[in-house]
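For reference, the structure is listed below as structure tokens.
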Protein chains: 4
Amino acid sequence: MMTAPMKTLVWGEFRHEKKNPKVAEIYPQGIHETIADFLRKESEFDVFTAFLDQPEHGLTEEVLASTDVLLWWGHMAHGEVADEVVARVHRRVLEGMGLIILHSGHYSKIFKTLLGTTCSLKWRESTDKERLWNIAPHHPITAGIGDYFELPVEEMYGEPFGIPTPDELIFISWFTGGEVFRSGATWQRGNGRIFYFRPGHETYPTYHQPEVQRVISNAVHWARPTVCIPDICPNSPPLEPLSHDTEVAERSTEGLR
Amino acid sequence: MMTAPMKTLVWGEFRHEKKNPKVAEIYPQGIHETIADFLRKESEFDVFTAFLDQPEHGLTEEVLASTDVLLWWGHMAHGEVADEVVARVHRRVLEGMGLIILHSGHYSKIFKTLLGTTCSLKWRESTDKERLWNIAPHHPITAGIGDYFELPVEEMYGEPFGIPTPDELIFISWFTGGEVFRSGATWQRGNGRIFYFRPGHETYPTYHQPEVQRVISNAVHWARPTVCIPDICPNSPPLEPLSHDTEVAERSTEGLR
Amino acid sequence: MMTAPMKTLVWGEFRHEKKNPKVAEIYPQGIHETIADFLRKESEFDVFTAFLDQPEHGLTEEVLASTDVLLWWGHMAHGEVADEVVARVHRRVLEGMGLIILHSGHYSKIFKTLLGTTCSLKWRESTDKERLWNIAPHHPITAGIGDYFELPVEEMYGEPFGIPTPDELIFISWFTGGEVFRSGATWQRGNGRIFYFRPGHETYPTYHQPEVQRVISNAVHWARPTVCIPDICPNSPPLEPLSHDTEVAERSTEGLR
Amino acid sequence: MMTAPMKTLVWGEFRHEKKNPKVAEIYPQGIHETIADFLRKESEFDVFTAFLDQPEHGLTEEVLASTDVLLWWGHMAHGEVADEVVARVHRRVLEGMGLIILHSGHYSKIFKTLLGTTCSLKWRESTDKERLWNIAPHHPITAGIGDYFELPVEEMYGEPFGIPTPDELIFISWFTGGEVFRSGATWQRGNGRIFYFRPGHETYPTYHQPEVQRVISNAVHWARPTVCIPDICPNSPPLEPLSHDTEVAERSTEGLR
């Protein structure tokens, strides 16, 4: 079965990379370009990038209309993302676009808008090792990942994580310092699929690690839209006969949506 | 076990009642006062009311801080509810306050903010009978309700309903005109419990019906807060020894939340 | 991407067809053969059939080992299915095999074993029309199905349906006689996907109807295994250093699983 | 509000305690009696005990009929529990009885019957410390428990844990050796509430620890039955007029449940 290539858009905040030489050393073209690079190895993906300081953050109506799956990395400038653009992305996810939220994106406006909760957590930037346990070995997102994989050094995120109960819990992390975290989880919202994936602090080479790349690539496949259904709230005629009621016509219809 | 009375706040938009004589006839003091009246029969509830045209819609910081469970009826003026007040209610639900959304409140800002989806549906104001089937006979919200109950005439709401999968599906409605609807459903969001209950169009005497009163009263009991936990996102020291890493001090901490 | 054909096994009880001329008229070769016939139109499926009165009900170790997705129709002879065969199917689902349970299969041993609940319901064999509402328009199982479809005459199944909360609710049925039913639902159990689909009483030509065929065909695609993981419960060595404890060796290990 | 005392039955296998002096030293009267002792401090509980080697394992029809919440500890003799008694407990849970499964009870017949999955896991009896993180601070089961609590030495249980996705995830454990585990989880099955709680290996004094006692006591309160509904599968007359169909009478009714 021939299928059209998936328009995959990697969005990066692209600020740490310009300010912190340590980050620039790891991700010389930006985190988003590193992610785009490994996704381009998949022939089925047609990969684009965008970032905060572009007009409309690179997320115009046209760009989003043709995007199948959007990946999101942001951290220090969540507040600079325009509410109008957030509303646009929100609408597209509910219509069917896939969305993959990475690491500190847990505090992005779009993630909080879609989930409706605080999305808060514990955190520590130190020398923790992270071991991600595969809780869902049957899930397409964990294909090729064994029982677990390790990140030699990563920022710690700890529970409680202020999210609604995920539809599917994919990974749970163990940290050297004694914490645990639901580090991979999915939610269906409207017609779109959402995957949150914890790893990826800017001062570590996390996105160069093969297992991380594999999970993200799997997630893009999994998040592929099946439909694009705009929001409607229709006044619907009955499908079966109703009884006659002379009062109906007299009822006010003011305030009908 | 002695327990403190539950501060129960019934919020009504209170506009249809002033504009439409048909509505005023059914609910002379407003829908919110009718609901408050039957809730006052429960000795454990301490019942208050508030409405849109009061200062801050009657939902000041003080009022909300002492509210255990908030009930919400709105329809024609969702857009007039101030975003600041919505954010305040939102925060209180995530801290632990119970919230019961009634009927057309499916399109209220607070419901959409908490669920993150369109909350759209099909609708028809006609002569449908509604029969609500009890899908969860074990649930405290259905105590005293048998297999089903009927509303002789109600507005129709039909699927698909644009909500995240409920934690618990409580009622499914059958309508004469041929539709079905998930008319009772619960969600945990943060530390607060949310119940959506479909019936209650303003031009029908729905809130005078005993089964409807029983369900709402049960739901207030069920939604009682267990905790009040303000949102934090703490930098947390390790609980287990970490390895020494001389580079940690050099890492930038700009942009930390 | 070339993929191996999916081994699809349609299992039928094949008793009503031999005893009741009305059923034989609708399904001359048996319900299972009618289902197999329309599935054979999909080039990706390699379709087989089996039935109760074959040795081991046609469900030998070899047959099941090579089956990707199993479809199950049974009604009057659930009790004749050997417990040993049920255990075999059960194990295969937990390893990864897909399972589609049709209509009266709600009371089959395998469905009750997998779900752990009564699987009871209300029922009536009469002249009800059934209208199945599509609750999950984004789901692969509803591809090509619009808002709803109708079966002109079908047996009624009504709530409460004694099942665990489904992972995904796909269809809700409306019946002329006033009932509703969760008529399409999915569960993940172990590594296998399960879909229950309500329609298909033996005295109606339900499996000849295009929408029913489309849903079942979609479900076979959806239930395709991603893995085959045998059950293990391993004693696992630590991945991190443990403290020394001289008492460990003295502890009894009797009764270890 | 006066409420009747809750009949709480603590069931123990009571074998390790007789065979292993180390276990007998920690639990001289048996694990079940230690658990019963701390539950008896709650005035609302009426606490009884039973064990494997009693006639019918102490779980007669009469005993179960009057039991509100059953706690279950078993390990080395799961296979000796009679299938008939398991079916009896199963039926009572679906009717409404609460069930709390402790530690190695993950492999009990009743837990596997109710969940329908392997319930397998990784394990290691060594010197791990266990830290249980409170994932659900709003939940009645975690009342009085802070962010986490620790068990200085416990058996390790590791993921993947072969269970259906819990309705509510309550605790996640961190182990010194590098594993994580979903160590507190709830499921609704039929009208009964089920809580699985991981800690409690027989060679450690786990059930003497205050936090463990608090969680179990909270869970008994939470699991209190709301109803007792026997299983039925009724032929139901229509609630709305059906069209006349002369063929209905001719349809075979053989095989009706």
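Name the residues whose placed amide hydrogens come within less than 5 Å of the amide hydrogen of D:ARG224, ignoring near sequence neighbours (fewer than 5 apart) on the same chain.
For D:ARG224, no residues qualify.
For A:THR3 and A:ALA77, what does the FRET efficiency come to when R0 = 41 Å and r is the distance between their Cβ atoms, rounded to the nearest 0.05?
0.70
Normalised by the number of residues in chain B, what is the relative contact order in percent for Cα pairs under 8 Å and 6+ residues apart?
19
Quick one, what does Rg over Rh come out to for the protein assembly as shown if you take C-alpha atoms and the Kirkwood Rh?
We get a ratio of 0.95 for the protein assembly as shown.
Identify which of C:TYR148, C:TYR27, C:TYR107 has the largest mean-square fluctuation in a Gaussian network model of chain C, with springs joining Cα atoms closer than 10 Å.
C:TYR148
Can you put B:TRP11, C:TRP72 in order of Cβ neighbours within 10 angstrom, beginning with the fewest?
Ordered from fewest to most neighbouring Cβ atoms within 10 Å, B:TRP11, C:TRP72 come out as C:TRP72, B:TRP11.
Let me see the pair-distance distribution of region B:33-80: every alpha carbon pair, 5 Å bin width, integer percents in order.
For region B:33-80, the pair-distance distribution reads 5, 17, 27, 25, 18, 7, 1, 0.
Mind sorting C:HIS90, A:HIS208 by how few other Cβ atoms lie within 10 Å of their own Cβ, fewest first?
A:HIS208, C:HIS90
Which value results for Rg/Rh of chain D when Rg is the Cα radius of gyration and Rh the Kirkwood radius based on the inverse mean 1/r?
1.06
Whole-Hz ³J(HN,Hα) for each residue in region C:158-166, computed from phi via Karplus 6.51 cos²θ - 1.76 cosθ + 1.60 with θ = phi - 60°, x for glycine and proline: what do you get?
So the J values, rounded to whole Hz, are x, 7, x, 9, x, 10, x, 3, x.
Using alpha carbons only, how many angstrom separate the centre of region B:107-141 from the centre of region A:1-68?
If we compute the Cα centre of each part, the gap is 39 Å.
Taking each pair of distinct Cα atoms in region B:1-99 once, what is the resulting Kirkwood hydrodynamic radius in Å?
Radius from the Kirkwood sum: 14.1 Å.
Using just the C-alpha positions of region A:67-173 as equal point scatterers, what log10 of I(q)/I(0) does the Debye formula give at each q in 0.12, 0.17 1/Å?
Calculated log10 I(q)/I(0) at the listed q: -0.49, -0.98.
Explain nothing, just compute: Karplus ³J(HN,Hα) = 6.51 cos²θ - 1.76 cosθ + 1.60, θ = phi - 60°, for every residue of region B:13-30 in order, whole Hz, x for Gly and Pro.
Working through the residues one at a time gives 5, 6, 10, 3, 4, 8, 9, 10, x, 4, 5, 4, 5, 6, 10, x, 9, x Hz.
List the residues whose amide H sits under 5 Å from the amide H of B:GLN54, counting only those 5 or more places along or on another chain, with H placed 1.01 Å from N in the peptide plane.
none
May I ask you to sort C:CYS228, C:CYS119 by Cβ crowding, counting other Cβ atoms within 10 Å and putting the fewest first?
Lowest count first: C:CYS228, C:CYS119.
Strictly greater than 18 Å: what percent of every Cα pair in region B:163-246 meets that?
Roughly 62 percent, once rounded to a whole number.
Between B:LEU132, B:LEU242, B:LEU94, which gets the highest mean-square fluctuation from a Gaussian network model of chain B, Cα cutoff 10 Å?
Comparing B:LEU132, B:LEU242, B:LEU94 in the GNM, the peak value goes to B:LEU242.
Around C:ARG189, which amide H atoms from residues at least 5 apart in sequence, or from another chain, sit under 5 Å from its own amide H, with H modelled in the peptide plane?
Correct list: C:ILE194.
With θ taken as phi - 60° and the coefficients 6.51, -1.76 and 1.60, list the Karplus ³J(HN,Hα) couplings across region C:135-151 in order, rounded to whole Hz; mark glycine and proline as x.
Values per residue, Gly and Pro as x: 8, 10, x, 7, 7, x, 5, 9, 4, x, 9, x, 4, 6, 9, 10, 10 Hz.
Given R₀ = 56 Å, what would the calculated FRET efficiency be for A:ALA87 paired with C:GLN29, taking r from the Cβ atoms and rounding to 0.05?
Working from the Cβ atoms, E equals 0.50.
With label points built 7 Å along Cα→Cβ from the Cα atoms of A:ASP53 and C:CYS233, find their separation and express it in nm.
5.9
State the dimensionless ratio Rg/Rh of region B:115-182 (Rg: radius of gyration of Cα atoms; Rh: Kirkwood radius).
Rg/Rh: 0.99.
Using only Cα atoms, find the angle between the long axis of helix B:83-95 and the longest principal axis of chain B, and express it within 0 to 90 degrees, rounded to the nearest 10.
70
Where a Cα-Cα gap under 23 Å defines reach, which lysines qualify for A:LYS122, not counting those fewer than 8 residues away within the same chain?
A:LYS109, A:LYS112, D:LYS129
Starting at 0 and stepping by 10 Å, how many percent of the alpha carbon pairs of region B:148-193 end up in each bin?
23, 48, 23, 5
Whole percent per 10 Å bin, from 0 to the bin with the longest distance: what is P(r) over all C-alpha pairs of region A:99-244?
Spelled out per bin, shortest first, that is 11, 39, 30, 9, 6, 4, 2, 0.
Which whole-angstrom value gives the distance between the alpha carbon centres of region B:151-171 and region C:145-216?
With region B:151-171 and region C:145-216 each reduced to a Cα centre, they are spaced 18 Å.
Computed from the coordinates by the stated procedures, all read-outs in this text should not be read as laboratory data. In this text the structure is predicted, and so the values were computed from the model without any measurement. For neighbour counting, all protein chains shown are included, and Cβ atoms are generated from backbone atoms with ideal geometry for every residue, glycine included.
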